[in-house]
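Student: Once you've had a glance at the structure underneath, I'll fire off some questions.
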Amino acid sequence: MNKPRLSTLALAAALPASALCAPIWPDVVVHLHGAGKAYLVDTRNDAVTAMLETCKGGTLGATTPDAKKVYVSCAAEGQKEVVVLDLAGRKVAKRIETGNRPKHGIVSPDGKWLGINHWGLDDGKLRHTFISTADDSIVKVIDLPVSGAAKGVTSMHNAWSNDSRYFFAVDRVDNRLVVIDTRDWSVKTLPVPSAPHYAVPSPDGKELWLVHEGAVQPGFLGPNGTRLILGQPPAGNVLPGIIVYDLTQADLPVIARMDMPLIGEEVVEAHHGNFTQDGKYFMALNRGPGKDLRGREVAFFRADTKQLAHRLTTASNGIGHTYNTPDGRYAVVTNYGNNVLSVIDVGQKKTVKDFNIGAGRMGHVAFTPDGHYGYVSNEKDGNLHKLDMWKLALVKQIETGNAPGGGQVLNVWTNVFEELPR
């Protein structure tokens with residue numbers, strides 16, 4: 001029997017933000033499409049209830065904890081805006097110019113701030129813009145000087161400390177972790193050995209786990225994907241992995257460094273990582289570099305000992321994200337390389353189901369609050385594909401684009417992509 005829904009969009013609209021003690025789950029999922037659309041899908045009947053005009057490159061966004069708004073970042077070349085969606089009114093509420101190619105705004109846990117990084121430089125500096133969610137006004141712009149030359153995109157993803165004080169971002173020009181204190185807008189930067197990609201606070205808020213991509217030279221891996229050099233890599237090579245910082249100390253000292261095992265991998269580049277819902281393990285994924293998207297490894301590290309506990313190889317190629325189900329039982333692996341979606345049983349740490357879905361690579365997932373259904377985007381066909389997570393079955397396709405560009409699917413507030421509120 002289905003569990004009752006935890007909350008509705010109507011409830012969110014009726015409550016002031018100050019009354020919310022936990023994020024609201026709306027009855028809609030929002031599918032963002034790179035062609036400049038946002039599709040609102042009612043999960044009670046799977047009907048598309050609105051199609052809103054967003055922007056070119058608007059594939060990533062963030063929900064407020066009260067589920068009243070979604071902020072869409074316009075990351076395509078030449079774009080400068082963040083688009084504000086009013087979920088209750090099913091309309092575009094505002095367009096805010098923030099800087100060169102807004103990458104991925106994230107709303108703070110207390111719902112007060114939207115922090116935005118940018119893929120392009122503004123006057124040679126790396127911009128971070130902060131918006132008050134109360135009135136969608138810009139309250140602070142911090143332009144960080146960089147010494148190197150930008151090679152490709154200059155940042156990736158952001159996160160907030162659990163108390164909403166610190167905003168964590170990454171500088172990929174000079175390879176640094178960026179920490180902004182919203183109490184006084186002071187900035188701290190810490191060097192990273194290779195391109196930083198994804199910062200994740202630990203569930204208890206005491207640590208920050210940062211995934212860096214690694215930098216390995218041709219010939220580092222053998223023809224069967226075996227690492228030719230065990231232990232410390234030779235000069236010029238940095239293994240992909242994780243750096244753990246202590247957030248309880250002012251200078252944020254490094255307390256652990258872990259390398260990915262890279263067993264049987266033919267290409268190397270770490271992508272995202274996230275904690276399991278119970279907080280016991282951190283899952284790091286090897287995607288592969290550039291367009292060589294053949295990475296398949298998921299590495300499980302223990303949160304307490306910072307030691308490798310397990311690793312597995314998926315049927316997905318170019319894996320990038322592991323989305324936790326609300327009950328924490330499964331992690332759904334999405335990718336950049338093929339249309340195979342792998343489902344991992346977290347307790348058993350093994351793949352229990354592989355789906356071949358849609359026309360292209362699998363992108364993002366959002367779940368109903370009871371965990372019964374997952375809505376998965378496909379980048380090439382642009383549509384949503386509905387999974388029954390209790391039966392592990394594909395049950396429906398929902399037309400939301402019918403064209404390349406399918407991006408993020410989101411509903412409830414999250415601090416980072418793949419973890420849900422606990």
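Student: In the stretch 179-189, which residues are buried (at least 19 other Cβ atoms within 10 Å of the Cβ) and assigned to a strand (DSSP E or B)?
Tutor: 179, 180
Student: I would also like to ask the following. Exactly one of (1) surrounded by fewer than 22 Cβ atoms within 10 Å (Cβ to Cβ); (2) of a type in the set (A, V, I, L, M, F, W, C); (3) closer than 22 Å to residue 406 by Cα is unmet by residue 332. Its number?
Tutor: Every condition holds for residue 332 apart from (1).
Student: Quickly run through the stretch 80-92 and pick out the residues that are buried (at least 22 other Cβ atoms within 10 Å of the Cβ) and under 20 Å from residue 156 (Cβ atoms).
Tutor: 82
Student: Among the residues of the stretch 368-380, is there at least one that is part of a strand (DSSP E or B), of a type in the set (Phe, Trp, Tyr), crowded, with 19+ Cβ neighbours inside 10 Å and free of Cβ contacts under 8 Å to residues at least 60 places away in the same chain?
Tutor: no
Student: Restricting attention to the stretch 382-400, report how many residues are buried (at least 22 other Cβ atoms within 10 Å of the Cβ) and part of a loop (DSSP other than H, G, I, E, B).
Tutor: Of the residues in that region, 4 qualify.
Student: Residue 235 - would you say it is out of contact with any Asp or Glu (no Cβ under 7 Å at 6 or more places or on another chain), among the small types (Gly, Ala, Ser) and at pLDDT below 95?
Tutor: Taking the combined requirement at face value, the residue satisfies it.
Student: Do you know which of the residues in the stretch 102-134 that are over 20 Å from residue 197 (Cα atoms) and among the polar types (S, T, N, Q) is surrounded by the fewest Cβ atoms within 10 Å (Cβ to Cβ)?
Tutor: Applying the filter and picking the extreme gives 132.
Student: Just checking: which of the strands (runs of 3 or more DSSP E) contained wholly in the stretch 30-74 hold 2 or more residues that are surrounded by 22 or more Cβ atoms within 10 Å (Cβ to Cβ)?
Tutor: In the stretch 30-74, 37-42, 60-63, 69-73 are the strands (runs of 3 or more DSSP E) which contain 2 or more residues that are surrounded by 22 or more Cβ atoms within 10 Å (Cβ to Cβ).
Student: Among the numbered criteria (1) out of contact with any Asp or Glu (no Cβ under 7 Å at 6 or more places or on another chain); (2) surrounded by fewer than 24 Cβ atoms within 10 Å (Cβ to Cβ); (3) at negative phi, which one does residue 294 miss?
Tutor: Tallying (1) out of contact with any Asp or Glu (no Cβ under 7 Å at 6 or more places or on another chain); (2) surrounded by fewer than 24 Cβ atoms within 10 Å (Cβ to Cβ); (3) at negative phi, residue 294 fails exactly one: (1).
The values are calculated or read from the model by the stated rules, or taken from the named source; none is laboratory data. On a predicted model such as this, the values are computed, not experimentally measured, just so you know. We place every Cβ from the backbone using ideal geometry, glycine too, and count neighbours over all the protein chains shown.
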